[in-house]
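J.: First, the structure itself, so that you have it in front of you.
The values are calculated or read from the model by the stated rules, or taken from the named source; none is laboratory data. Everything numeric in this text was worked out from a predicted model, so none of it was measured. FYI the Cβ positions are ideal-geometry reconstructions off the backbone, even for glycines, and counts take in every protein chain you see.
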Amino acid sequence: MTKIRGWPVRAMYMLIAAALVISLMIIAAPAQKVSADPGLSEWDRVSTPTVDGWVLAPGSVIIDYALASAGEVAYAVVYSDYDECDADTGYYLLKSDDYAATWTDITGALRDAVDVDEEDPTPTLLQVATDWEDPDFVAVALNVTGSSIHVCFSTDGGDTFEDIGEVEGLDIVSDLAVSYEAAGKREIAIGGVEYNGLDYYSGLFRCTVSGDSAAAWEDATEYAGWDDSTTTMRLPAIPCA
């Protein structure tokens, strides 16, 4: 009986010893280096806020934005009061080609279109519009001199802009829209109000763009189907102190 029981015990000791040897060999073996994909595994330290790539533009307020190509291309009008390193403050027109991950400042091309002197402040940018299909067509409404509303458009994604001219009859812009292109033409519409010092009058204007040229503005306020009532909106009287 003693010999029969002794063999399994000895076998168990041998198995335990072999397991210990194998575990020591695994621990002693050099660790293999894992090759990392630089595009997925490398991290960079970025100080924020920063104007590099406009990832987080310091002191910025988003005025308006527009999307195209299912959101891959985006345009934004922002106002920034960033004043370090002699950077300009004011309004910027930004563009993104990567779903708003990074931004490029294209304000310079817009300034060139309205012939603004480099020493003058950036024009007040009001609205930006594009359609969902064509990312290269973008329109921007801006106030050039403090009282003159203009609309500029680009057919090359903001590399260059064309000034359609002043929208006479508007003092305040409420919205800007562009249509899809059909038969080589598209429409730009702008709506808002005119203030005569006492009353506000609604206004709607449109123009047709063919290729890279635009026709004159047309007053669409009295088009058939619109409510052409003469009702005006008057500001409430301010009581005397």
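J.: Identify, please: which residue in region 182-211 is of a type in the set (A, V, I, L, M) and under 25 Å from the mean Cα position of the chain (by Cα) and is, among those, surrounded by the fewest Cβ atoms within 10 Å (Cβ to Cβ)?
T.: First, pick out the residues of region 182-211 that are of a type in the set (A, V, I, L, M): 182-183, 188-190, 193, 198, 204, 209.
After this cut, where a residue has to be under 25 Å from the mean Cα position of the chain (by Cα) as well, the list is 188-190, 209.
Working: ILE188: 23, ALA189: 18, ILE190: 27, VAL209: 22.
It comes out as ALA189.
J.: Could you tell me which of the residues THR104, THR155 is touching a strand residue (DSSP E or B) at 6+ places or on another chain (Cβ under 6 Å) and of a type in the set (S, T, N, Q)? Even if it seems obvious, please write down each step before you answer.
T.: Details: THR155 fails: touching a strand residue (DSSP E or B) at 6+ places or on another chain (Cβ under 6 Å).
From the options THR104, THR155, the qualifying one is THR104.
J.: If you don't mind, there's one more thing I want to ask. Quick one: how many residues across region 185-218 are part of a loop (DSSP other than H, G, I, E, B) and not acidic (Asp, Glu)? Quick ask: steps written out before the conclusion?
T.: Our first condition is that a residue be part of a loop (DSSP other than H, G, I, E, B); within region 185-218, this holds for 196-198, 211-212, 215-217.
Still in the running and not acidic (Asp, Glu): 196-198, 211, 215-217.
Selection size over region 185-218: 7.
J.: Among (1) buried (at least 17 other Cβ atoms within 10 Å of the Cβ); (2) more than 23 Å from SER154 (Cα to Cα); (3) modelled with pLDDT of 85 or more, there is one condition TYR92 misses while meeting the rest; what is its number?
T.: (2)
J.: Considering only region 44-65, I want to know if a residue exists there that is surrounded by 13 or more Cβ atoms within 10 Å (Cβ to Cβ), among the acidic types (Asp, Glu), at pLDDT 85 or above and assigned to a loop (DSSP other than H, G, I, E, B).
T.: There is no residue in region 44-65 that is surrounded by 13 or more Cβ atoms within 10 Å (Cβ to Cβ), among the acidic types (Asp, Glu), at pLDDT 85 or above and assigned to a loop (DSSP other than H, G, I, E, B).
J.: Out of everything in region 137-156 that is part of a loop (DSSP other than H, G, I, E, B) and in contact (Cβ under 8 Å) with a residue 24 or more places away in the chain, what residue ends up being surrounded by the most Cβ atoms within 10 Å (Cβ to Cβ)?
T.: First, the residues of region 137-156 that are part of a loop (DSSP other than H, G, I, E, B): 137, 144-148, 155-156.
From what's left, in contact (Cβ under 8 Å) with a residue 24 or more places away in the chain: 137, 144, 147, 155.
Details: PHE137: 23, VAL144: 17, SER147: 8, THR155: 19.
Per the stated criteria, the residue is PHE137.
J.: Among the residues of region 157-184 satisfying the criterion of being in contact with a Gly (Cβ under 9 Å, 6 or more places away or on another chain) and assigned to a loop (DSSP other than H, G, I, E, B), which is nearest to PHE137 (Cα to Cα)? Even if it seems obvious, please write down each step before you answer.
T.: Step one: of region 157-184, the residues in contact with a Gly (Cβ under 9 Å, 6 or more places away or on another chain) are 167, 169-177, 184.
Next cut, assigned to a loop (DSSP other than H, G, I, E, B) only: 167, 169-171, 184.
Details: VAL167: 20, GLY169: 25, LEU170: 23, ASP171: 25, GLY184: 13 Å.
Filtering first and then ranking leaves GLY184.
J.: If a residue must be in a loop (DSSP other than H, G, I, E, B) and either at pLDDT 90 or above or surrounded by 15 or more Cβ atoms within 10 Å (Cβ to Cβ) (or both), how many such residues does region 99-122 contain? Before the answer, list the steps.
T.: First, pick out the residues of region 99-122 that are in a loop (DSSP other than H, G, I, E, B): 99-103, 106, 114-122.
Those still in the list that are either at pLDDT 90 or above or surrounded by 15 or more Cβ atoms within 10 Å (Cβ to Cβ) (or both) too: 100, 103, 106, 114, 116, 122.
Residues in region 99-122 being in a loop (DSSP other than H, G, I, E, B) and either at pLDDT 90 or above or surrounded by 15 or more Cβ atoms within 10 Å (Cβ to Cβ) (or both): 6 in total.
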